[in-house]
Number of protein chains: 2
Amino acid sequence: MEKNNLGVTVAELGEQQVLQRLYQFCETRMVGDDAAVLTPRAGHLLVVTTDMLVDGIHFCDRTTSPADVGWRSAAANLSDIAAMGASPLGLTISLGLPETLPVSWLDQFYQGVADCLNTYGTAIIGGDLSRSPVITVSMTALGEVSPHQQILRSTAQPGDAIVVTGVHGSARAGLELLLHPDWGQVLSSAEYLALKQAHQRPQPRLDVIQALQQLTPVPRVTGMDSSDGLADAVLQICRASGVGAEILQTQIPIPMSFNNTQVLTSEQAIEWALYGGEDFELVLCLPLPSAQELLKRINPTAMIIGQIVAEGDVTLLKPNGEGFLLEMQKGYQHFQ
Amino acid sequence: MEKNNLGVTVAELGEQQVLQRLYQFCETRMVGDDAAVLTPRAGHLLVVTTDMLVDGIHFCDRTTSPADVGWRSAAANLSDIAAMGASPLGLTISLGLPETLPVSWLDQFYQGVADCLNTYGTAIIGGDLSRSPVITVSMTALGEVSPHQQILRSTAQPGDAIVVTGVHGSARAGLELLLHPDWGQVLSSAEYLALKQAHQRPQPRLDVIQALQQLTPVPRVTGMDSSDGLADAVLQICRASGVGAEILQTQIPIPMSFNNTQVLTSEQAIEWALYGGEDFELVLCLPLPSAQELLKRINPTAMIIGQIVAEGDVTLLKPNGEGFLLEMQKGYQHFQ
């Protein structure tokens, strides 16, 4: 990786100076003690999620700027907070950094994190810096949720409508564009940008949680995010709840550009939508009237894609009426 | 590093199997959703601390078994919770692992973490696994504290007694023993073991926090832990509080074995006590009567080592009556 034309390195600046520089991105009252302190609201549950990203494995210079690494990492954690039905309270960042890393990388990374957190009304509340041979980002996000608004994976019931909160496959297509720019030649510049942004600047769906909280009566909601793919999310929910699902392929929202067969075959389009991953939408199961009410309050690309059934299989109904059993195997696996 | 004679690797086992194996070490109700859920006590503040450790930088096979890496990492985080006056609520672990790492390393690491957490009445509540070229451990500990028992660094006042909760220099001596076993030849086997344990199995001082909470009236307490050295702790507290300190060298508790000049010169002994680091004791500033009351309730090696003064310097009074100004420079610095 070429990271040596960007000025002073973290080793040249030294730990104390680096820390001073990073404090400007942090909630100032949190800095300077052994731990950060938060005041959770009375009667709320505390939600905690953590994530590790490693240079060359989860991101690389070719597709992701330092600011995008920061945004994406923060967004992934906030998406897990949203997936629990919670609101974010703050985020800690531990970083492992090579001594030769330019300080400008670090500045841009923190700017990306701060931009994402500011967008969603939260902040960096603490962290740790360490030397490491490889850039390693570890984040922990905290959130709070009132007990009756908590979203688990294990509470889906037959008859629940399955809602996806937006298009799937965009992030996978965005990665393709960044790796193989030629692939995007047939796209309009708006389509190109939308797919690239889906990969580089994913939007955690905290707005959907706010919309859910405004529904009366408060519905029973089951769900998770689609960070490991739409198929994986439906399968995980069904396994945890001991139920099955029927999904209508024609109802799965995909980017408009996927309908252009010069861009993708329909087989590839559905493959990316189901297994592409990293779209960071929510997959929610709730009674049909509440699902319909929710759809009125959020983006029009959100769709009811099917329903929960009592039998244990997850079936995708193809446009020709054939049923196809979805399986776990294609989900992302580390160490393989 | 030799890690290839220990059986099946994480890549051979695969992520799902590795996760199933690690779940046995975790609080079971926390596993299987996008985030862990905790119920903080009403009226309590939430305390959050995070830490990253990298193989070859913070630990190595020569001095630290996988179980000790786990214990030490957990202990360091619990020590930060204690340093805030808080009680632990749980810990998340993110791990970056080479594909060739034997699963037995991971089992032993988690066993070490679980042993430490069980000792202090808390548990693993979540985590993440990632591929990485170097073993990387990132932990985040959560704790709770009632607002009037919160311990900060910035509230010390002239006249406060400075308490250290135990001997300093042991962890540094334990490291020396592990790196240069010959050095320990003059020690008794009990002394040898005590120093080695101080390095491998440090004890976060959550018991001191319990003792403080039993004092009536509740004193104003300022402090931090001595993970970066005793001198660093006193200096940090004085800087944050805008005060100075006078420390009596003869009052600093050191291991009995340090008094044997065949083991260490008195200069080396005080050097290790002040700057050795990783003893994970607490350095607390509180009104003298409360300090005396506290000392009656904890281990007899805890000592009042001096007092806070209005002037900004931190002076070490040597046994011959000379004053010596303590400075930051010797503290541990990353990236240098």
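The values are calculated or read from the model by the stated rules, or taken from the named source; none is laboratory data. No experiment lies behind these values; they were computed from the predicted model shown. Please note: Cβ atoms are built from the backbone with ideal geometry, for glycine as well, and neighbour counts cover all protein chains shown. Heads up: the accessible areas ignore ligands, DNA and RNA and are worked out on the full protein's heavy atoms, side chains in. Shrake-Rupley method; radii C 1.70, N 1.55, O 1.52, S 1.80 Å.
Axis angle, to the nearest 10 degrees, between helix B:170-179 and the longest C-alpha principal axis of chain B: 50 degrees. Summarised as an ellipsoid, chain B has semi-axes of 35, 26, 16 Å, derived from the eigenvalues of the Cα gyration tensor scaled by 5 and square-rooted, with the largest first.
For region A:10-148, would you read off the P(r) tail past 19 Å as a percentage of all alpha carbon pairs? For region A:10-148, the fraction of Cα-Cα distances above 19 Å is 49 percent.
Our coupling estimate for region B:12-27, obtained by passing each phi through the Karplus curve with A = 6.51, B = -1.76, C = 1.60 and θ = phi - 60°, is 5, 6, x, 4, 4, 5, 4, 4, 4, 5, 7, 4, 4, 8, 9, 4 Hz, Gly and Pro reported as x. Summarising the strand pairing of region A:10-148, around 70 percent of its internal DSSP beta bridges are antiparallel.
Listed by chain and number, the aspartates and glutamates whose C-alpha is less than 14 Å from the C-alpha of B:K196, apart from same-chain residues fewer than 8 away, are B:D68, B:E176, B:D182, B:E278, B:D279. Using C-alpha pairs below 8 Å separated by at least 6 residues, the relative contact order for region B:151-329 is 41 percent. Averaged over the residues of B:51-60, the number of partner chain Cβ atoms lying within 10 Å of the residue Cβ comes to 5. Evaluated with a Cβ-only charge set (Lys, Arg +1; Asp, Glu -1), region B:10-146 carries a dipole of roughly 260 debye about its Cα centre, given to the nearest 20.
Averaging 1/r across all pairs of distinct Cα atoms in region A:151-328 and inverting the result yields a Kirkwood radius of 16.4 Å. Bridgeable aspartates and glutamates around B:K296 (alpha carbons under 18 Å apart, same-chain partners fewer than 8 residues away excluded): B:D160, B:D207, B:E281.
Taken one residue at a time, the phi angles of region A:126-142 give Karplus couplings (6.51, -1.76, 1.60, θ = phi - 60°) of x, x, 8, 10, 9, 6, 7, x, 9, 4, 10, 10, 10, 10, 10, 9, 10 Hz. Gly and Pro are set to x.
When the charge dipole of region A:10-148 is built from unit charges on Cβ atoms (+1 for Lys and Arg, -1 for Asp and Glu) and taken about the Cα centre, the candidate among A:G14, A:G85, A:L46 whose Cα reaches farthest toward its positive end is A:G85. Build a GNM of chain B with springs between Cα atoms under 10 Å apart, and of B:G126, B:G242, B:G56 the one that fluctuates most is B:G56. Once all protein chains are placed together, A:Y192 keeps about 70 Å² accessible to a 1.4 angstrom probe. Using a cutoff of 8 angstrom between alpha carbon atoms and counting only pairs six or more residues apart, the relative contact order for chain B works out to 22 percent. The angle between the Cα long axis of helix B:189-200 and the longest principal axis of the Cα atoms of chain B comes to about 70 degrees, rounded to the nearest 10. Axis of helix B:266-275 versus longest Cα principal axis of chain B: the two differ by about 60°, to the nearest ten degrees. A Gaussian network model of chain A, with springs between Cα atoms under 10 Å, assigns the largest mean-square fluctuation among A:S226, A:S146, A:S290 to A:S146. Here region A:151-328 exposes an accessible surface that is 52 percent carbon and sulfur, computed with a 1.4 Å probe and the other protein chains kept in place.
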